[in-house]
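To start, the structure under review is shown below, and the notes come after it.
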Amino acid sequence: MTSLTPGEWQAIWLTAKLAGLTTVILLILCAPLAWWLSRSSSRLANPVAALVSLPLVLPPTVIGFYLLIVLGPQGAVGGTLEALGLHHLAFSFWGILIGSVIYSMPFTVQPLREAFAAIDTRLLDAAATLRAGRLDRFFNLVLPLSRSGILTAVVITFAHTVGEFGVIAMLGGSLPGETRVVSIAIYDYTQALDYGAAHRLSAILLGFSFVTLLLFYAINQRVMSPLKPR
Amino acid sequence: MNIGNHWLTAAAVALATLTTAAHADTARVAAAADLRYAFAELQPLFEKARAPHKLELVLGSSGKFMQQLENGAPFDIFFSADVAFPKKLVASGKAIAPVTTYAFGRIVLWSATVDATRLTLKELDKPEFRHIAIAAPDHAPYGARAKEALEHSGMWPKVQGKLVFGENISHTAQLIDKQAAEIGIVALSLAVNTALKSKGGYALIPADFHQPLEQAYAVTAYGQNNAAARAFAQFMSSKEARQVMTGYGFVLPGEVPQ
C-alpha cells in the first residue's frame, strides 16, 4: 500500500476523534438511561425505548435533514446560539458530534440495557443490606458485573460512528479537518476520479470493520443485540 | 547601543511577522465540480503568487453549495457554475455584491468506450447507448444545460428512459468513466483533462442549444473579512489564471467564443 497523503491522515484523525468523543459521551449519557430502561416498569419506558431506537430504522437523511434545520442558523438551537453571539452548529465538528451521538445512541443503550437486566437483583439487595450506597452499588457491583456489555457498547458504538455517512453528508458537508471524515473523503475521492485514494481509505475501513467485529464476537458471543434478536 | 539596536531590529522583525500573519488567511472555497481540474492547477499558482495566502478547495454541485450556504456553511467564497445562485445568495444577505462572471462553460458529449468525437445528440437513441449520464438538472447547472440541449435537439422524450443522473458534473464523468453509462454529457473543462481525454473522446455541443453557462463567483458574508478570498477573487482576472482557465476550454469574459 502506498503511503497516505496529509489529507487522508486528516480524515482518519477526524474520524477517530469523532468516534472516540461520541463513544465517551454516549457511555455517560446512556448508562443511567439504560439502567432505568432495564429496571423501570413505568409506562414511559416503552416510548422512551422506541425514541432511542429510532435511528435504527430512520434513513440517515431524515436525521441529517432535521438536525440541519434545528442546528442551523435559523433553527431552534442554532438560532439561539447565534442570538447569544455564538456560532450555529451546522457544518461544524460540534454539529456532526451531536448528530453522531443521536445516530449511534441505540448501539450504546441496547448492550448496556441487556447487561444491566441480567444482573441478579438479589445481589443488589444483599449489598444494600450491607449498607452499600446507591453509587457504591453502581460502581462496585453493577459496572464490574456488566463488563462485557460495556465493552460491547464501546466497540459497537465506535465502529458504528466510523461507518456513519448520510447524517454527516447532510449536516456537515465536506469541510477538510472539520467534517470530512473518512466515509465522506472516500465519496469525494470517487467523485474526483481519484480511485487510488478511494481504494486506500476503503481498504483501511474494511480492515478496521472486520477487526472490530472480530473483537465484538470475541468479547461476548452472548450479547449480539441489536444486530440479532435473542 | 548595539544591544539596543538589536532589540529594535528584533522588535521590528517580530512586528513585521505579526502583521504578515494577521494578513495571511486560508480561504475555504466552494467550487462548482466543473472547476475540479482547473482549480487544482490554479491553487499552487495562487499560493505561490499571493503567499502566504492559502486555499482550501471543496468541490460539489452549485445547487448543493447554494443550499449549504443558505444554511450557514462556512465558505469564504463561492464559485458557482450558474450566475443565478450567487445572485440569490446576495439577495438573501448570505453573500456580498458584486457577483462577478469569471467564465463561460461548454458542454460536450463524452464516452470512455466509443469514439464520441463525431457524434451528435441526434445519435443518442442508438441501441448501443443503453444509459446516458447527465448531471441532476434540478441542482447542477451543467445538468440543466444538458437537459436544455437535449430538448432543443428534440431528443429529450426519446432518451428519458435511458438517463442516469450524476449528483454533480464530476460525478457524472465518474459514471461514464466507470462505464455505468456508455455515454453522457459533461463539462468541456473535465473532458479536456488528460486522464479523460485519452479515453473515447468528446464532441462539443453547439453553445446555442442551451442557455449560456455563465459562471460567477461572490465572496460570502461569512468570508467578507477573509483576505485570501479577496486575493483569490483578484487573482482570477490575472493573466496567469486566465491562461489556465482558457486551457480548460472556458471562454473568459471579454473574449469572443469560437
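The values are calculated or read from the model by the stated rules, or taken from the named source; none is laboratory data. Nothing here was measured: the structure is a model prediction, and the numbers come from that model. Every residue, glycine as well, gets a Cβ built from its backbone with ideal geometry; the counts of neighbours run over all protein chains shown.
Here are the numbers:
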quantity	calculated
Hey, A:Ala50 exposed (fewer than 15 other Cβ atoms within 10 Å of the Cβ), small (Gly, Ala, Ser) and in a helix (DSSP H, G or I) or not	yes
Filtered residues of region B:42-62 (kept if touching a residue at least 60 places away in the same chain (Cβ under 8 Å) and either at the interface with chain A (Cβ under 9 Å from one of its Cβ atoms) or under 12 Å from the mean Cα position of the chain (by Cα) (or both))	B:Leu42, B:Leu59, B:Gly60, B:Ser61, B:Ser62
Every residue from region A:62-94 that is touching a residue at least 40 places away in the same chain (Cβ under 8 Å) and crowded, with 16+ Cβ neighbours inside 10 Å	A:Ile63, A:Gly64, A:Leu67, A:Leu68, A:Leu71, A:Ala90, A:Phe91, A:Ser92, A:Phe93
Subset of region A:145-174 [at the interface with another protein chain (Cβ under 10 Å from one of its Cβ atoms) and in contact with an Asp or Glu (Cβ under 8 Å, 6 or more places away or on another chain)]	A:Gly172, A:Ser174
Some residue of region B:97-104 being outside any strand (DSSP E or B) and either at pLDDT 95 or above or within 14 Å of another protein chain (Cβ to nearest Cβ) (or both)	no
Those residues of region A:182-216 which are of a type in the set (A, V, I, L, M, F, W, C), buried (at least 19 other Cβ atoms within 10 Å of the Cβ) and within 14 Å of another protein chain (Cβ to nearest Cβ), in sequence order	A:Ile184, A:Ala185, A:Ile186, A:Ala192, A:Leu193, A:Ala197
Residue, modelled with the highest pLDDT, within region B:1-58, restricted to residues that are of a type in the set (Ser, Thr, Tyr) and in a helix (DSSP H, G or I)	B:Tyr37
3 or more residues touching a Phe, Trp or Tyr at 6+ places or on another chain (Cβ under 7 Å) and away from chain A (no Cβ under 14 Å): qualifying helices (runs of 4 or more DSSP H) within region B:149-252	B:227-235
Qualifying residue in region A:121-131 (condition: at pLDDT below 95 and surrounded by 16 or more Cβ atoms within 10 Å (Cβ to Cβ))	yes
Among residues of region A:75-97, those that are more than 8 Å from chain B (Cβ to nearest Cβ) and farther than 20 Å from A:Ile25 by Cα, counted	11
Residues of region A:53-112 that turn out to be among the aliphatic types (A, V, I, L, M) and in contact with a His (Cβ under 9 Å, 6 or more places away or on another chain), as a count	3
